[in-house]
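The values are calculated or read from the model by the stated rules, or taken from the named source; none is laboratory data. Computed from a predicted structure; not experimentally measured. Neighbour counts are summed over all protein chains in view; Cβ atoms, including those assigned to glycine, are modelled from backbone coordinates with ideal geometry.
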Amino acid sequence: MIFQGATILSMGPGAEPLQGDLRVVDGRIAEIAPAILHAGSAEERIDARGCIIMPGLVQAHVHLCQTLFRNMADDMELLDWLRRRIWPFEAWHDAESMAVSARLGLWELIAGGTTAILDMGSVRHTDELFAAAEDSGIRYVGGKCLMDHDDGQVPAGLLEDAAAGLAESRRLIERWQGAADGRIGYALAPRFAVSCSDACLEGVAALARERGVGIHTHASENLGEIAEVKRRSGRDNVRHLDACGLLGPRSVLAHCIHLQDGEAELLRDRGAHVAHCPSSNMKLASGFARVPELLELGVNVALGADGAPCNNRLDAFREMQLAGLIHKPRYGPRALPARRVLEMATLGGARALGLDREIGSLEPGKSADLIVLAPTAPDQVVAGSPEAAVVFSLGREAVRDVMVAGRFLKRDFQLLTIAADRVVAGARKAWARLARAFPDLAEESRDA
Ligand SMILES: [Zn+2]
């Protein structure tokens, strides 16, 4: 098939925006050129005049398991947010609510132009997340959350002995790594150093090496978190993760806001990736990651919306806009221009997921993971820089088509792989059960 007449932001090395056509053959990008000769009536033509075609957005840090809890944990800082709300909620999940939480999140992500995610599950019901991702057609790397350290504030339903958590991770790797023609991958997910013993972290490092899978964790999001790790280990947080063997070219650390002396260089030296989540970082009052400095050092930085209860939407466009805005007051107006932000949201994400040879840019031979943006309102008609348009003026409502590996997941603004009415019905049922389990929630929200 040929997409015709678009502005193409290929994000290939050094590539400028191009006016032209893009051909997809057998799920891969075959050709990009100012005008592609049509192969005959058997080849489908898709009118993309006035549209922007670009690589699908990659979010390198999300929590599908939390989507049901949107708007239920506002105005709190991280450790309170986790202990008073998110952990009790995650412990409450059964298989059915986990599946609906995942589908609700996938619906929002795909509709909004996200084609690949790195997801952190909860401790239990991880198969539900993988199954939902497989059905949805998204490109998915995920893994069950590991939490084996009891500081007296973790609900019993989430605590798990390190050996049991690693054994379950191993089972999940066997079941899901490489599933759906390679569209599904596994990443081991120790929650953060506060929740994990050294034995757990060291076990993760060993299993990741043995099975060739990635590692996905949170790091240095909050000063209280860093103080707690220091008290237990005597080390700064990122140094502690490194001492346990967790930093390497397949490691993704979400946030990295409060890096201590030398830790940014350590990330660079190990080839570890950072997932920048600006909306979450502001809403939890966590702070501003020093992203321009990390990029300058040569650390790969990707973007992510984190979980729905901390931002409160899984919107890659909003993360791009915020990433493009929030660093300018500190670093000046030239910090993170639109092109750089787009790279973080596409190739940067692909690198973090270990998939940059396959996705992240539109180049012949790569998988056809792409989105088509069609301005639908007069204020969205694109003039000037298309890169600035995507980052600063368009939003997710402009996402007309979403394709992963040559398959449409959304076309002409219609979602094709998720039955929205069934997801809404399932979510309503789960919310009713949640309200019965947490009857004080409404009252507590007012007091918080
Ligand atoms: Zn997170």
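Taken together, the residues in region 77-96 that are within 12 Å of residue 122 (Cα to Cα) and part of a helix (DSSP H, G or I) amount to 8.
Residues checked against (1) buried (at least 22 other Cβ atoms within 10 Å of the Cβ); (2) in contact (Cβ under 8 Å) with a residue 40 or more places away in the chain; (3) within 21 Å of the chain's Cα centre (by Cα):
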site: 205; (1), (2), (3): no, yes, no
site: 208; (1), (2), (3): yes, yes, yes
site: 214; (1), (2), (3): yes, yes, yes
site: 221; (1), (2), (3): yes, yes, yes
site: 230; (1), (2), (3): no, no, no
site: 240; (1), (2), (3): no, yes, no
site: 263; (1), (2), (3): no, yes, no
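If I ask for residues that are touching a strand residue (DSSP E or B) at 6+ places or on another chain (Cβ under 6 Å) and within 16 Å of the ligand (Cβ to nearest atom), which ones from region 206-222 would you list? Answer for region 206-222, where residues must be touching a strand residue (DSSP E or B) at 6+ places or on another chain (Cβ under 6 Å) and within 16 Å of the ligand (Cβ to nearest atom): 214, 215, 216, 217, 218, 219, 221. If you go through region 377-418 and pick out every residue that is within 23 Å of residue 359 (Cα to Cα) and among the hydroxyl-bearing types (Ser, Thr, Tyr), you end up with 1. Do the conditions hold for residue 366, that is, is it away from the ligand (no atom under 16 Å from the Cβ) and closer than 18 Å to residue 138 by Cα? Yes; evaluated as a whole, the condition is true for this residue.
Among the residues of region 126-161, those identified as over 25 Å from residue 253 (Cβ atoms) and modelled with pLDDT of 95 or more are 127, 128, 131, 132, 134, 135, 136, 137.
Of all the listed residues (316, 289), the sole one being of a type in the set (A, V, I, L, M) and closer than 25 Å to residue 262 by Cα is 289. Consider residue 329 carefully, then state whether it is within 13 Å of the ligand (Cβ to nearest atom) and either within 22 Å of residue 142 (Cα to Cα) or in the same structural domain as residue 242 (by TED's automatic domain parsing) (or both). Considered against the rule, which asks whether it is within 13 Å of the ligand (Cβ to nearest atom) and either within 22 Å of residue 142 (Cα to Cα) or in the same structural domain as residue 242 (by TED's automatic domain parsing) (or both), residue 329 comes out as no. Residues that are buried (at least 23 other Cβ atoms within 10 Å of the Cβ), within 16 Å of the ligand (Cβ to nearest atom) and among the hydrophobic types (A, V, I, L, M, F, W, C) within region 82-110 comprise 82, 86, 89, 102, 109, listed in sequence order. Where helices (runs of 4 or more DSSP H) fall entirely within region 338-448, those with at least 3 residues that are modelled with pLDDT of 95 or more, under 24 Å from the mean Cα position of the chain (by Cα) and surrounded by fewer than 21 Cβ atoms within 10 Å (Cβ to Cβ) are at 338-343, 420-437.
State whether the residues of region 137-145 include one that is away from the ligand (no atom under 16 Å from the Cβ), surrounded by fewer than 24 Cβ atoms within 10 Å (Cβ to Cβ) and either more than 14 Å from residue 59 (Cβ to Cβ) or not assigned by TED's automatic domain parsing to the domain that holds residue 80 (or both). The answer is yes, given that some residue of region 137-145 is away from the ligand (no atom under 16 Å from the Cβ), surrounded by fewer than 24 Cβ atoms within 10 Å (Cβ to Cβ) and either more than 14 Å from residue 59 (Cβ to Cβ) or not assigned by TED's automatic domain parsing to the domain that holds residue 80 (or both). Screening 290, 313, 268, 330 for residues that are surrounded by fewer than 24 Cβ atoms within 10 Å (Cβ to Cβ), in contact (Cβ under 8 Å) with a residue 24 or more places away in the chain and closer than 22 Å to residue 187 by Cα leaves exactly one candidate, 268.
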